[in-house]
Amino acid sequence: MSVQDAAAPTKAASTIGTPVRRVEDKRLLQGQGTFSDDVWMKRMGYVHFVRSPHAHARIGDIDVARAEAMEGVYATLTGAEVEAMTEPFMQIAPEPGSRMEDYALAVGKVRFVGEPVVAVLAETRALARDAAEAVEVEYELLEAVVDSLATLSPTAPVLHETIGKNIGYQDTYAWGDIDWALEHADHVVSIDKLHFHRFSSTPLECNAAVVNWDRGTDVIEVRSNNQMPQFAAMFISPAIGMPTSKLHFVSQDIGGAFGLKITSYPTIAACMLLSRKAGRPVKWTEYRSEAVTASAHGNERTFTDIKVPVMADGTILGFDVKAYDDAGAFMRYEPLGGVIWSQVAPGCYRLKHLRVEYTQVLTNKCPCGPNRGYSRLQHLWMIERIVDIVAHELGFDPVELRKKNYPQADEYPYETPNGCFYDSGDLPRMLDLGLELADYDGWRTRQAELKESGGGKRIGIGIGSTLDSGTNNFGQARLVNEHLPFSGNGEAAHVKLDLYGEIAVNLGSSPQGQGHETTAAQTVGEILGVAPTDIHVKAGYDTASHAYVGFSGTYASQFAVTGLGAAIGAAEKLRDEIRLVAATALGATPDEIELADGVAGVRGDEERAIPFIGIANLVYTNVAALPPEVADAVSLNCRYVYRPPFEIPDIETKTGELTLTYAAQIHVAVVEIDEETGHTEILKYVAIDECGRRINPQIVEGQVHGAAAHGIGAALHESFVYDEESGQLLSGNFYDYHAATAVDVPLLLTGEIECPSPRSPNGAKGMGEGGGAPLSTLCAAFQDALGAGGAVVTDTHNPSERVWRLLRERSDAPRPVEVVSR
Amino acid sequence: MNDPETTHLVEVQINGERYERAVQARELLVHFIRDTLALKGTHIGCDTGNCGACTVLVDGQPMKSCMMLAVQADGLSLETVESLSPAGEELSDLQKAFNDQHAVQCGWCTPGMLMQAKALLERDPDPDVETIRRTLKGNICRCTGYVNIVRAVQQAAGQDVSAGIQQEARA
Ligand code: FES
Ligand code: FES
């Protein structure tokens, strides 16, 4: 199946690869989008959550009497009620993590600041908030732990008594022979510790849902911005004892998600219980400070005891590392991140010998959600730091060292030590392009001049190389828990001819700004021979009318492959049905029929043609005119499930094809540092992207910009910092968090190369998450500015203050890096 | 909950239409616009006044409608995103520029961005790139990385949209 094959029976000019303007823009530009908070229902109440002010405490008495007595308060819901009415949500983790009890509201204890404890439903937002204030909750304070390593101490307070220690998941991943490599390498570079900080892409629309239990049908309608409704349904259904068929999820427009709106299911479940209890529709609109404090954060990860064997010629053999991933107080999507990093196990390099001792720790912090670049960006950043530090410590040129260790263009598909296939690519060419666009040589000259002249400024030039692996094989879930009956992946689409011959498409994805209506219209249009503007792709998602499978949704950089793969399959089915009906009507054979501009005609004979409206008439309203064998063979309603060709990975060796496609990013940054203040100015930023065949290059570029902005914001500004003693979040609102503004993000230059994927149905690769390249790039730029023998950049987060400290590190300070050469 | 002690009558002009409503003293203007008048185009992205998703024009000036009480709008004239191309009409030049330059992804920041940009172009029809960026500083977009929004404003001002990027490249 491929788009090219469709070229024969259709004639329309292809729009694939052209910047077709987005069809979803008009409504969004006119204020006519419909987001969850734009839904108002009769008799609807507003929910407000009473949240924990403490990081760790036992819940004593809860008194809702005063709140319930207020006029206009409809109902309250407490953890005790939730415990009586529901089962804990299922856990992905194996023993002992599987013993974690996670409910829609806190039961027995609170484990992070902002955890929902009581829900209050009232006539207005303001009243719900007032009533929440009137709820009294007694707490018995417990010691909190927020440090990812301190939480492992035997004296640390235990978050989940059912587990008995603060570890959710632990395993060792090893491929090749790292012990041999460390013994035989010419140099071994050791790094004590690298720290990937906690941040989040904070979609601008907070979580929201309008939830309505219909007493008559016992169906719960959820108009939410959850981005993976099937996953939510699979978690909620057994917990609240409702069949998934009665959980009706709908979304139209979603104000960004970035993975963080996958784990909103506990709160949605609380809204369901409340709607059932009060017999009313419930509206939940999260306040930003709640979103920042208690929705979902990106994972923090600490790497220790890193050992890197390097040969004299610069060949890096691999690494040995202990990784401590901090999930916060509950696991939710975790420990999938415990294996997902291994989709890019050797990063962008030909590393052969790898060992990662992976531990997922639990702390009294907000639970994590799969934030853009999920689990791979932490790992990729560590590898980029390794390569950069090796270059600096051993005196290799950072450009040449990278090029030497990248797989070369003729090595694709490149098999990694753990059996993944980098499907296509050319990293050295991308790097050359990046250096050229950035005027690398010119900046090196400028850097040297500035060094001569002094003047209190320094220039640093950094490179980051990352991957965006897309289309997961969910079989990898078995590597974290062998009992999980998950494997493969899929996505569904439905393409039909409507009553008057109009083409209507619905998708299993629930997009959040990625332009699916546009790229699906381009794709279907090409196959059916009509312009994208003549195709109606239904906005959003609805479980009652859209085709879906268990892994449907918009996440993990997959739509261009799975979503469009499904659209291609469904459109081809419809094309073949149209050709069959047309051939019957025109006395021709189906392969003589070609589709163009909404007409099915016999090739080379303009007289013999039938418009799509005629096809629709024959099938829907004039069916006796068709021979029965044709009538029985067509429905003009074509559902197709795209299934990537995955096998179940090998649990013993932890090998297999974990993802289908690998988009790549090479970023180059030039920074200027003010030596007196540590203030950093980005003078130049170049992002080179390779994501296979580009369906719509403008949408691709938009994703490159957005992913770069998230990385730049996180590298320089955004951080969730917790107070060690109290466990309070110190950046608990949007102001303190400082999401990157128009002045913080440089006007970056983009460039691209195209290496079509041999694995996907259309040559495209999933993209959009990016690989967190700016984190690597800016760290490398700081390292470059600090120079050989200077301080070592060991943290992803480098605001002015940390840069200032790095500049002032004493030359006799203990270095976190050691080189042993033989 | 409509306690006369805390309820006030306000009269506002929004997008040319006159509205007279009783509002609670503490009701934010943005909630009045959204919940009471069901003008859903104006969005809320924060509770600290720094995201700009709620930006509307108040007597021609861009204001964050989450930082004003509804009662403060009494007697004033407001414009929201819905005014830019009234029902059924084509996109305005500014909206068209946002479409052409792919300055919209999820669309949550978009109404505020448009109103801020409109006010800027009325003040300064030919702003340079730095002015555009500084003006948009109070409007956060989490999707686009701002590059295409800057380009869109440049297009609406009739400028060469690659100018900003090249200016950076020369830095
Ligand atoms: S909602 Fe008004 S500034 Fe954020
Ligand atoms: S387009 Fe999503 S926040 Fe700007």
Pairs under 8 Å by beta carbon, first residue in contact (Cβ under 8 Å) with a residue 40 or more places away in the chain in the range A:498-516, partner assigned to a helix (DSSP H, G or I) and among the hydroxyl-bearing types (Ser, Thr, Tyr), six or more apart or different chains? A:Leu499/A:Tyr620; A:Leu499/A:Thr621
Qualifying position, being surrounded by 24 or more Cβ atoms within 10 Å (Cβ to Cβ), of a type outside the set (Lys, Arg) and under 25 Å from the mean Cα position of the chain (by Cα), among A:Ala521, A:Ala539: A:Ala521
Taking the options A:Leu204, A:Leu247, name whichever one is over 19 Å from A:Val47 (Cα atoms) and outside the structural domain of A:Ala106 (by TED's automatic domain parsing). A:Leu204
Can you tell me which condition B:Asp160 does not meet? The list is (1) modelled with pLDDT under 95; (2) within 11 Å of another protein chain (Cβ to nearest Cβ); (3) outside any helix (DSSP H, G or I), and all the others hold. (2)
Hey, can you tell me all the residues within the range B:27-62 that are more than 22 Å from A:Asn207 (Cα to Cα) and within 16 Å of ligand 1 (Cβ to nearest atom)? B:Val56, B:Leu57, B:Val58, B:Gln61, B:Pro62
Assess whether B:Thr42 counts as being crowded, with 21+ Cβ neighbours inside 10 Å, of a type in the set (Val, Ile, Thr), at negative phi and within 16 Å of ligand 2 (Cβ to nearest atom). yes
Can you pull out every residue in the range A:406-420 that is within 14 Å of A:Ala664 (Cβ to Cβ) and not in a loop (DSSP other than H, G, I, E, B)? A:Ala409, A:Glu411, A:Tyr414
How many residues are of a type in the set (A, V, I, L, M), under 25 Å from the mean Cα position of the chain (by Cα) and in a strand (DSSP E or B) if we restrict to the range A:630-671? 7
In the range A:256-304, anything among the aromatic types (Phe, Trp, Tyr) and on the phi > 0 side of the Ramachandran plot is listed as A:Phe258
Which one of these does B:Ser92 not meet: (1) at the interface with chain A (Cβ under 10 Å from one of its Cβ atoms); (2) away from ligand 1 (no atom under 14 Å from the Cβ); (3) within 24 Å of B:His31 (Cα to Cα)? (3)
Do any strands (runs of 3 or more DSSP E) lying entirely in the range A:20-82 carry at least 2 residues that are modelled with pLDDT under 95 and farther than 30 Å from B:Val153 by Cα, and which ones are they? none
Only one of (1) within 14 Å of chain B (Cβ to nearest Cβ); (2) surrounded by fewer than 20 Cβ atoms within 10 Å (Cβ to Cβ) does not apply to A:Ala122, and that is (2)
Qualifying positions in the range A:448-480 - touching a residue at least 40 places away in the same chain (Cβ under 8 Å) and either more than 32 Å from the chain's Cα centre (by Cα) or in a loop (DSSP other than H, G, I, E, B) (or both): A:Gly456, A:Lys457, A:Arg458, A:Ile459, A:Asn473
Within the range B:107-157, take every residue that is charged (D, E, K, R) and more than 10 Å from chain A (Cβ to nearest Cβ) and give me the one that is nearest to ligand 2 (Cβ to nearest atom). B:Lys118
Determine whether A:Ser487 is within 27 Å of A:Arg639 (Cβ to Cβ) and at pLDDT below 95. no
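The values are calculated or read from the model by the stated rules, or taken from the named source; none is laboratory data. Computed from a predicted model, the values in this text were never measured in an experiment. Neighbour counts are summed over all protein chains in view; Cβ atoms, including those assigned to glycine, are modelled from backbone coordinates with ideal geometry.
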